[in-house]
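The values are calculated or read from the model by the stated rules, or taken from the named source; none is laboratory data. None of the values given here were measured: they were computed from a predicted structure. Glycine also receives a Cβ, built like all others from the backbone with ideal geometry; neighbour counts cover every protein chain displayed.
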Amino acid sequence: MKITMEPIGVVKSTRSDVTDDDWDRERVHIELDARFGTDALAGLDTFSHVEVVFFMDRVEPAKIETGARHPRNNPDWPAVGIFAQRGKNRPNRIGTTIGRVLRVEGRCVHLEGLDAVDGTPVLDIKPWVRDFGPRGAVSQPAWMDALMTEYWKR
């Protein structure tokens with residue numbers, strides 16, 4: 001089965017380097033494609049957060065991982081499968097992030113904390129609804145706690 005998607009918009013940011021960490025300092029906006037009117041975003045400003053689905057187009061197909069590896073190539077962390085981490089070298093190069101809505105203007109959604117660089121194609125925007133969040137206790141391994149200490153740092 002082949003799946004074809006067309007981006008709904010693009011990320012506009014001052015950050016163009018695909019580097020890790022310090023993402024909460026990023027203030028970006030998503031500009032919807034001209035085929036959408038401003039009514040496509042009507043009511044989105046009443047939500048505090050959105051989930052953005054994007055295509056990590058800067059990942060070279062030759063660098064895609066399909067097995068296990070050490071996250072960030074850190075040998076102190078265990079080798080885990082690509083589906084047990086959120087690394088960018090994923091088989092379908094799809095990223096998701098929950099960003100804070102700052103405002104909506106015309107066909108643009110202004111966000112804080114989106115870990116996508118300038119020019120990244122956006123596949124979808126969904127309002128973050130707390131009832132779709134985890135139910136019950138949430139856990140993650142210590143290596144992920146260590147990895148994330150600088151990720152959202154300002």
Of the conditions (1) within 21 Å of residue 26 (Cβ to Cβ); (2) modelled with pLDDT of 90 or more; (3) outside any strand (DSSP E or B), residue 87 satisfies every one except a single condition; which number is it? (2)
Tally the residues that are touching a strand residue (DSSP E or B) at 6+ places or on another chain (Cβ under 8 Å), of a type in the set (D, E, K, R), modelled with pLDDT under 95 and not in a loop (DSSP other than H, G, I, E, B), restricting the search to region 4-54. 2
Can you tell me which residue in region 110-126 is surrounded by the most Cβ atoms within 10 Å (Cβ to Cβ), limited to those that are over 10 Å from the mean Cα position of the chain (by Cα) and in a strand (DSSP E or B)? 111
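How about region 55-84: which of its residues are within 30 Å of residue 37 (Cα to Cα) and either acidic (Asp, Glu) or part of a loop (DSSP other than H, G, I, E, B) (or both)? Before the answer, list the steps.
We begin by selecting, within region 55-84, every residue within 30 Å of residue 37 (Cα to Cα); these are 55-58.
Across region 55-84, the qualifying residues are 56, 57, 58.
Looking for whichever is aliphatic (A, V, I, L, M) and closer than 26 Å to residue 132 by Cα here; the options are 28, 80. Which one fits? Even if it seems obvious, please write down each step before you answer.
Details: 80 fails: closer than 26 Å to residue 132 by Cα.
When all the criteria are applied, what remains is 28.
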Going by what's in this entry, would residue 81 be described as within 26 Å of residue 143 (Cβ to Cβ) and of a type outside the set (Ser, Thr, Tyr)? yes
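Just to be sure before I move on: is residue 107 within 22 Å of residue 41 (Cβ to Cβ), in contact with a helix residue (DSSP H, G or I) (Cβ under 7 Å, 6 or more places away or on another chain) and exposed (fewer than 15 other Cβ atoms within 10 Å of the Cβ) in the structure I sent? Can you show your working first?
On the way: within 22 Å of residue 41 (Cβ to Cβ): yes; in contact with a helix residue (DSSP H, G or I) (Cβ under 7 Å, 6 or more places away or on another chain): yes; exposed (fewer than 15 other Cβ atoms within 10 Å of the Cβ): no.
Here the answer is no, as residue 107 does not meet what is asked.
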